[in-house]
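The values are calculated or read from the model by the stated rules, or taken from the named source; none is laboratory data. Note that the structure is a prediction, hence the values are computed from the model and not measured. Cβ: placed from backbone, ideal geometry, glycine included. Neighbour counts: every protein chain shown.
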């Protein structure tokens with residue numbers, strides 16, 4: 001249910017906290033029931049055992065310190081050396097426990113991060129969520145959430161969880177110590193801790209929202225820098241340096257303004273926390289010192305009470321002492337939880353569309369057939385093409401033309417499954433037998449061999465096959481740029497022009513040889529000579545093809561032309577295609 005603007009802040013905070021808590025338990029449960037659960041549970045059990053041992057050693061150290069200080073006060077050398085041995089021994093044992101404790105914590109944190117990042121990446125690609133998230137108003141910078149937020153979340157979650165466990169154990173252990181010294185001291189510690197925690201939350205609760213904004217604003221700066229790097233040539237041609245510079249400065253100023261707000265609130269919180277800590281140093285002395293001066297306790301008990309009071313207060317004021325870090329942690333938790341929920345919504349939406357969509361999809365055909373297929377935008381708010389019908393056999397070609405905005409590329413998106421279809425029937429071979437060539441091809445990081453094999457790098461491709469296919473698409477000169485080394489890694493996006501990148505896409509097509517290919521302005525950057533050569537090769541290969549384009553010079557290579565209108569209507573015309581160079585002339 002959406003939150004009303006008139007809901008009081010307390011209600012909003014309560015609902016936000018409840019949602020964050022549910023998200024945390026959902027993620028935690030997924031990890032501890034995953035395929036990594038064996039290792040996760042082992043390290044968790046080890047940490048709990050080491051935490052219990054650490055608290056036990058701390059209690060022993062407290063009593064050893066008491067006896068040590070009492071022996072000094074009484075000038076008892078025998079008791080002094082005995083207490084010294086126990087004191088030093090407890091330190092050595094505590095050191096060993098602490099080392100293994102940190103090791104186990106780091107191993108569990110790394111295991112959790114690895115699993116969670118892999119899980120989110122898998123879900124990021126499932127149902128093409130990475131594509132659909134581009135239009136999401138709820139999720140900004142999913143890449144940053146999967147990388148940086150996951151790292152912070154797993155490390156901080158484990159750290160704070162262990163702090164809570166350790167605090168509970170410490171509290172149980174030292175409450176008895178304080179009670180044995182003075183019931184008044186125990187009462188003061190509990191009341192002081194509870195009051196301080198409440199005031200700290202009241203003063204610093206806004207920090208969670210500010211830290212949430214900080215993550216988003218810093219990610220915006222990084223994405224702006226990446227955009228400049230990826231579009232460096234276009235920016236240079238436009239001479240857009242000043243515009244991009246101002247945009248980055250504006251984004252940076254937003255980060256700085258947000259950090260100034262956080263610093264201001266940290267200052268307010270700091271006044272309270274420092275005052276709170278200094279007063280805590282005096283309270284046990286004010287209560288225990290009169291007992292010592294009246295001869296009711298020994299001097300070692302005074303030092304023991306200071307240590308026990310500090311342990312109990314530290315355990316009960318975990319939120320107060322870590323509020324700044326907790327506010328940042330909760331902000332990151334909310335960002336990850338939002339991404340997790342959004343991916344869940346995508347999965348549910350995909351299942352709903354599959355069960356409720358009036359469109360019928362058949363993937364066992366040898367042809368591409370649309371029978372009264374209606375093409376709509378993903379949100380269903382606009383109908384682009386109404387009841388489109390055509391049938392395409394292998395080795396034949398069809399071109400879709402029309403003014404901008406009539407839904408030409410949207411037809412291809414619907415056939416590819418990127419957009420949910422409306423009503424009608426779509427019959428096509430499985431997606432593994434189809435190939436889509438966009439206007440701007442994707443150049444993967446790697447070698448020339450990697451480019452031609454994308455997205456199936458495990459398929460074999462000999463050097464001679466690479467030379468042959470490069471000759472077919474008129475790219476033999478590209479070999480000179482890598483000095484004949486087909487496995488040399490370079491930045492192909494910046495090395496090749498857009499026209500050369502489009503020819504690389506056709507080279508991938510001739511390597512893969514699917515049953516059908518969909519060409520979305522795939523030759524827009526080519527001259528007519530290269531365009532003619534490539535389309536003739538496609539026809540000669542026997543691959544069926546559907547083109548989207550504006551050039552009338554494309555018409556002779558297709559058997560039919562579908563022209564779309566802005567009203568959603570369409571018309572079809574029969575074409576007389578040019579014969580391919582390897583086909584027989586007409587009778």
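Listed by first and then second residue, the pairs with beta-carbon distance under 6 Å, at least 6 apart or on different chains, first residue in the stretch 554-566 and free of Cβ contacts under 8 Å to residues at least 40 places away in the same chain, second surrounded by 17 or more Cβ atoms within 10 Å (Cβ to Cβ) and assigned to a strand (DSSP E or B), form an empty list.
For the stretch 462-475, the candidate set comprises residues that are over 40 Å from the mean Cα position of the chain (by Cα) and farther than 18 Å from residue 528 by Cα; within that set, the residue that is surrounded by the fewest Cβ atoms within 10 Å (Cβ to Cβ) is 464.
Every condition in (1) touching a residue at least 40 places away in the same chain (Cβ under 8 Å); (2) assigned to a strand (DSSP E or B) holds for residue 571 except the one numbered (1).
When the stretch 85-106 is filtered for residues that are surrounded by 15 or more Cβ atoms within 10 Å (Cβ to Cβ) and farther than 15 Å from residue 166 by Cβ, the ones remaining, listed by number, are 86, 87, 90, 93. Residues of the stretch 171-209 that are crowded, with 19+ Cβ neighbours inside 10 Å, modelled with pLDDT of 75 or more and either within 37 Å of the chain's Cα centre (by Cα) or not in a helix (DSSP H, G or I) (or both): 196, 200, 207, 208. Against the criterion of being in the same structural domain as residue 345 (by TED's automatic domain parsing), free of Cβ contacts under 8 Å to residues at least 24 places away in the same chain and over 30 Å from residue 419 (Cβ atoms), residue 41 qualifies.
Considering the conditions (1) under 17 Å from residue 549 (Cβ atoms); (2) under 33 Å from the mean Cα position of the chain (by Cα), residue 399 is excluded by exactly one of them, (2). Within the set 35, 73, the sole residue that is surrounded by fewer than 18 Cβ atoms within 10 Å (Cβ to Cβ) and not in a helix (DSSP H, G or I) turns out to be 35.
May I ask you to list the residues in the stretch 467-486 that are modelled with pLDDT under 85 and in a loop (DSSP other than H, G, I, E, B)? The answer is 482, 483, 484, 485, 486. Checked against (1) modelled with pLDDT under 85; (2) over 30 Å from residue 569 (Cβ atoms); (3) over 30 Å from the mean Cα position of the chain (by Cα), residue 446 passes all but a single condition, namely (3).
For residue 127, state whether it is modelled with pLDDT under 80, touching a helix residue (DSSP H, G or I) at 6+ places or on another chain (Cβ under 8 Å), in the same structural domain as residue 329 (by TED's automatic domain parsing) and exposed (fewer than 14 other Cβ atoms within 10 Å of the Cβ). Taking the combined requirement at face value, the residue does not satisfy it. Please verify whether the stretch 449-456 includes one or more residues that are buried (at least 19 other Cβ atoms within 10 Å of the Cβ), part of a helix (DSSP H, G or I), touching a helix residue (DSSP H, G or I) at 6+ places or on another chain (Cβ under 6 Å) and assigned by TED's automatic domain parsing to the domain that holds residue 398. Yes, the stretch 449-456 contains at least one residue that is buried (at least 19 other Cβ atoms within 10 Å of the Cβ), part of a helix (DSSP H, G or I), touching a helix residue (DSSP H, G or I) at 6+ places or on another chain (Cβ under 6 Å) and assigned by TED's automatic domain parsing to the domain that holds residue 398.
Rundown of residues vs (1) under 25 Å from residue 193 (Cα atoms); (2) outside the structural domain of residue 309 (by TED's automatic domain parsing); (3) free of Cβ contacts under 8 Å to residues at least 60 places away in the same chain, yes/no style:
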residue: 231; (1), (2), (3): no, no, yes
residue: 249; (1), (2), (3): no, no, yes
residue: 268; (1), (2), (3): yes, no, no
residue: 275; (1), (2), (3): yes, no, yes
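Residues in the stretch 465-483: is at least one under 22 Å from residue 232 (Cβ atoms) and in contact (Cβ under 8 Å) with a residue 24 or more places away in the chain? Yes, some residue in the stretch 465-483 is under 22 Å from residue 232 (Cβ atoms) and in contact (Cβ under 8 Å) with a residue 24 or more places away in the chain. Exactly one residue out of 404, 395, 410 is assigned by TED's automatic domain parsing to the domain that holds residue 501, at pLDDT 85 or above, closer than 28 Å to residue 525 by Cβ and part of a helix (DSSP H, G or I): that is 410.
Going through the stretch 132-142 one residue at a time, which ones are in contact (Cβ under 8 Å) with a residue 60 or more places away in the chain, loosely packed, with under 14 Cβ neighbours inside 10 Å and not in a loop (DSSP other than H, G, I, E, B)? 135 - this is the single residue of the stretch 132-142 that is in contact (Cβ under 8 Å) with a residue 60 or more places away in the chain, loosely packed, with under 14 Cβ neighbours inside 10 Å and not in a loop (DSSP other than H, G, I, E, B).
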